[in-house]
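Taken together, the values in this text are just the output of simple stated rules run on the coordinates, not laboratory data. In this text the structure is predicted, and so the values were computed from the model without any measurement. With ideal geometry, Cβ positions are generated from the backbone for all residues, glycine too; neighbour counts draw on all protein chains shown.
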Amino acid sequence: MTMYDLHVYLRRLGYDSERDGLPAPDLATLTALHKRHMEAIPFNSVGSLAVPTPSGEPVDLVDFDEDATFDAVVAAGNGGGCVQMTRLFLRLLRDLGFEVDLIAGTTAEGAESYGVDVEHMLMLARVDGASWLVDIGYAGPSFLQPLRLDAAGREQMQFGCRYRLVEDGDGMLVQRRPRLGRWSTVYRFTTKIRDRTDWAQANRAVNAALAAAAGDSGPELYSRAASDGQVVLKGRRHLTVRAGIEKTRTLVDDDEWRAVRSALLDGGLG
């Protein structure tokens, strides 16, 4: 088993840190690492700690073995869910000298399924005198580079899509608009600093859902960033966002579905 290793992690993201040294903890590095992570390591719901599976094994969002998780998610390149990838990326960023903490969000699906406020796991980084929203563990479609938090209400453009942060009570909404579409909410979050133990309630809710599902975990979910956007496969629904143009279709043919799934897992998106 490959235990957590900073240099192995950086090699997966395209850095030869043993030859060139560690990248500096600045905004340019954070932006590059964010995008490269989403390109190099897929969201993969199969076997994810954060998604109920038909195995019957309890889901552990709080005290899982980070070394074993690193071996499967990063070293082997299999990817995982938001909790797995976010916890590992948090560790990487801190090892590089970034000031970064866990924060929590709630997706529409998560709120409906689990009814908890602390569900989605993401990060808040403080770099170059500003605060940035960091999230490499959301299946998407979503932002591929950090969003600046003090730009609330102002549009932030990435790869043809527009993003904005909208105040919502004591929290904020991440909203996204593709080139030819309308604004939609990705999820809600707060900037309250969290500890991993804050996900204990979500852990209980996920396991309750697992027990109630009786082996039915719902559609498989995969996603990966491309050079100019993102590709998401949820069940048979295939969504692509390239240069801000969003297209959705249903994959009826089994061979085509397997080909798309393989491309997402293996990184053949271009």
Next item on the list: Tell me which residues come under 5 Å, amide H to amide H, from Glu119 once H is placed; ignore anything under 5 positions away on its chain.
Entry: Gly105
Notebook entry, point to check: GNM, the chain, Cα, under 10 Å: largest mean-square fluctuation among Gly115, Gly105, Gly81?
Noted result: Gly115
Notebook entry, point to check: How far apart, in nm, are the 7 Å Cα→Cβ label points at Ser184 and Asp26?
Noted result: 3.8 nm
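How do Trp257, Trp183, Trp199 rank when sorted from fewest to most other Cβ atoms within 10 Å of their own Cβ? Walk me through the numbers before you get to the answer.
Working: Trp257 17, Trp183 14, Trp199 25.
Going from sparsest to densest Cβ surroundings: Trp183, Trp257, Trp199.
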Next item on the list: For the chain, with a Gaussian network of springs between Cα atoms less than 10 Å apart, report the residue from Ala32, Ala139, Ala108 with the top mean-square fluctuation.
Entry: Ala108
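If you stretched the chain out fully between Met3 and Asn78, how much longer would it get, using 0.36 nm times the residue separation minus the C-alpha to C-alpha distance? The partial results should precede the final answer.
Values: separation 75, 0.36 × 75 = 27.00 nm, distance 1.51 nm.
25.5 nm is the gain from fully extending Met3 to Asn78.
Quick one: Ser227, Ser48, Ser131, fewest Cβ neighbours within 10 Å first, how do they rank?
Values: Ser227 11, Ser48 23, Ser131 16.
Ascending number of Cβ neighbours within 10 Å: Ser227, Ser131, Ser48.
Ranked by Cβ crowding within 10 angstrom, fewest neighbours first, how are Asp5, Asp266 ordered?
On the way: Asp5 14, Asp266 11.
Lowest count first: Asp266, Asp5.
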Margin query: Please compute the modelled spin-label separation between Lys234 and Glu112, points set 7 Å along Cα→Cβ, answer in nm with one decimal.
Written below: 0.8 nm
Next item on the list: In nm, give the distance between the simple-model label positions of Val46 and Thr248, each being 7 Å from the Cα along the Cα-to-Cβ direction.
Entry: 2.4 nm
Next item on the list: Calculate the translational D of the stretch 120-229 in whole µm² s⁻¹ from Stokes-Einstein, where the hydrodynamic radius comes from the Kirkwood formula applied to all Cα pairs, the temperature is 10 °C and the viscosity 1.306 mPa s.
Entry: 100 µm²/s
Margin query: If amide hydrogens are placed 1.01 Å from N in the peptide plane, which non-local residues have theirs closer than 5 Å to the one on Glu246?
Written below: Arg179, Leu180
